[in-house]
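The values are calculated or read from the model by the stated rules, or taken from the named source; none is laboratory data. Keep in mind it's a predicted model, so treat the numbers as computed, not measured. Counting neighbours? That spans all protein chains shown, and the Cβs are built from the backbone with ideal geometry, glycine included.
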Amino acid sequence: MFSTVLIANRGEIALRIARACREIGIRTVAVYSTADLDSAVVRFADEAVHIGHSPSKASYLNAPAIIEAARLSGAQAIHPGYGFLSEDPDFAEICETNGITFIGPPPQVIQRLGDKAAARAAMAEAGLPVLPGSVDAVTTPTEAKEIAQQTGYPVIFKAVAGGGGRGMAVVRDPDDLLSAYRETRAHARVVFGDDRVYLERFIDDARHVEVQVLCDRHGAAVHLGERDCSVQRRHQKLIEEAPAPNLPEELRTAMCESAVRGAVAAGYTGAGTFEFVVTPSDEYFLMEINCRLQVEHPVTEMLTGIDIVREQILIAAGLPLNVRQEDVVRRGVAVECRVNAEDPERDFAPTPGRLTEFVPPAGPFVRVDTHCFPDWLVGPDYDSLLAKTVVWAPDREQALARMDRALEEFRVEGHGVRTTIGFLRRALAHPEFRAAAHTTGLVGKLLGGESRADEADAA
């Protein structure tokens, strides 16, 4: 087992990882930018190392500084959390080269599955259903037009190196295909440094369902069930719940078994997520694979009692999975809401500022993952996530009532700070959501029919 782990991240996920390490008995090293000097994880960790100024490129994306911090602190392993360097195969390889364990899949697996086009081809070969579209990256407008005609409209362009809901554009009219192709490539070049895009059918009125998997280095793999992530805006998830409501049992079983089959075929190790789109006629298709810890992992933890971060660390240390598929039992219903420092009345614009009051909810079966506290400065340089509020209850009705109570209880005030709490409560109260009849278009309905605009802006 590792004696020291460096956490190459910030915010709530860095604190979450540090807590898991503390419970295992592992010494922790936090890295921080200038803006995060007084952060919660810096206070909590056994050691903290400054790695650069506030912009991510100068700090949390500064691989040489992070590696040097690990070497100086004696860390044997690095946990990347999510975002930043978590799905960067080059960083994983640099860790290996320096004799440091990367807590995640091997670099070659990240490389293969991070290339969305290559991942689609590999998973199709493994027998997973993939959406009709291009097998490889689309290289010319003529090729895009031909594939779109064969696939049928609407279609969606996605960046091959994309992630986090960025680098996408839905096309409903053939006249818009050329401009969407060019704009998506240009966006992908700027954001990901890779202008390759692929094309696939876009499903209207779809649900977004993902399956959590755990795989060790000895060939064992299990799934921990699925999560419904359909409440999202511009492909960014806002509300997650498990189990996915109104999902036929045979469909649930098929999706989960597909995820395990795909993970084994890819040689996956660690925690990962297979994301699927579910059609109104209950067909399912693989969208992508996330080679990292997901923001919404607490939902699954609340149902199964399995600490996913702990399992990641144990797997990376070379230990076999201590859970078999038949040992995974899910009980009740869990829901997670992401509380962001954003103003829904201003197109969800970030609202940085200093917090004057921050009182998270509490009570039975309420979990809040956060790094915030009164007088904390919510800066403009990073993600606007303030807290993840997660609740558990024996059934969905009680879980939604508990979440609404928790959000009502949440107190966040600050100079210039607005939050999404009110909008989340509106979403939870929407008749379609209450009836578990909602799709990825729900947020657009709440915003007065903005769903089509969201699609265009996603690129």
Out of (1) within 25 Å of Asp88 (Cβ to Cβ); (2) of a type in the set (A, V, I, L, M); (3) surrounded by fewer than 23 Cβ atoms within 10 Å (Cβ to Cβ); (4) assigned by TED's automatic domain parsing to the domain that holds Ser281, what's the single condition that is false for Ala220? (1)
Only one residue in Ala317, Ala349 is without any contact (Cβ under 8 Å) to a residue 24 or more places away in the chain and in contact with a strand residue (DSSP E or B) (Cβ under 9 Å, 6 or more places away or on another chain). Which one? Ala349
Taking the condition of being within 20 Å of His415 (Cβ to Cβ) and either in contact with a helix residue (DSSP H, G or I) (Cβ under 6 Å, 6 or more places away or on another chain) or not polar (S, T, N, Q) (or both), how many residues in segment 365-402 meet it? 17
Among the residues that make up segment 343-364, is at least one of them assigned to a strand (DSSP E or B), of a type outside the set (S, T, N, Q), on the phi > 0 side of the Ramachandran plot and out of contact with any helix residue (DSSP H, G or I) (no Cβ under 7 Å at 6 or more places or on another chain)? yes
Which one of the conditions (1) closer than 22 Å to Arg310 by Cβ; (2) buried (at least 24 other Cβ atoms within 10 Å of the Cβ); (3) not aliphatic (A, V, I, L, M) does Tyr60 fail to meet, given that it meets all the rest? (1)
Looking at segment 308-345 only, could you name the residues that are crowded, with 20+ Cβ neighbours inside 10 Å and polar (S, T, N, Q)? Gln312, Asn340
Does Ala20 satisfy the criteria of being in contact with a Lys or Arg (Cβ under 6 Å, 6 or more places away or on another chain), within 21 Å of Cys372 (Cβ to Cβ) and small (Gly, Ala, Ser)? yes
The lone condition Arg71 fails out of (1) assigned to a helix (DSSP H, G or I); (2) under 24 Å from Lys116 (Cβ atoms); (3) touching a residue at least 12 places away in the same chain (Cβ under 8 Å) is (2)
I'd like to check something: does segment 94-116 contain any residue that is touching a residue at least 60 places away in the same chain (Cβ under 8 Å) and assigned to a strand (DSSP E or B)? yes
Which pairs have Cβ atoms under 9 Å, sit 6 or more apart or on different chains, and link a residue in segment 1-27 that is over 16 Å from Pro80 (Cα atoms) and touching a residue at least 60 places away in the same chain (Cβ under 8 Å) to one that is outside any helix (DSSP H, G or I) and acidic (Asp, Glu)? Glu23/Asp307
Hey, any hits in segment 55-66 for a residue that's at pLDDT below 95, of a type in the set (S, T, N, Q) and in contact with a strand residue (DSSP E or B) (Cβ under 6 Å, 6 or more places away or on another chain)? no
When (1) touching a Gly at 6+ places or on another chain (Cβ under 7 Å); (2) not in a strand (DSSP E or B) are applied to Trp392, the one that fails is (2)
From the options Val41, Val49, residue that is in contact (Cβ under 8 Å) with a residue 12 or more places away in the chain and assigned to a helix (DSSP H, G or I): Val41
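Conditions tested, residue by residue: (1) closer than 18 Å to Ala221 by Cβ; (2) assigned to a strand (DSSP E or B); (3) among the small types (Gly, Ala, Ser).
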{"residue": "Leu286", "(1), (2), (3)": "yes, yes, no"}
{"residue": "Pro320", "(1), (2), (3)": "yes, no, no"}
{"residue": "Glu326", "(1), (2), (3)": "yes, no, no"}
{"residue": "Val339", "(1), (2), (3)": "no, yes, no"}
Segment 63-114, subset within 21 Å of the chain's Cα centre (by Cα) and among the acidic types (Asp, Glu), residue surrounded by the fewest Cβ atoms within 10 Å (Cβ to Cβ): Asp90
Matching residues, segment 139-179, being small (Gly, Ala, Ser), crowded, with 23+ Cβ neighbours inside 10 Å and in contact (Cβ under 8 Å) with a residue 60 or more places away in the chain: Gly167, Ala169
Phe348 fails exactly one of (1) aromatic (Phe, Trp, Tyr); (2) over 30 Å from Ala259 (Cβ atoms); (3) surrounded by fewer than 19 Cβ atoms within 10 Å (Cβ to Cβ), namely (3)
For segment 168-184, state whether one or more residues are at pLDDT below 95, more than 19 Å from the chain's Cα centre (by Cα), under 19 Å from Phe274 (Cβ atoms) and outside any loop (DSSP other than H, G, I, E, B). no
Looking only at segment 244-273, count every residue that is surrounded by 21 or more Cβ atoms within 10 Å (Cβ to Cβ) and assigned to a loop (DSSP other than H, G, I, E, B) and tell me the total. 3
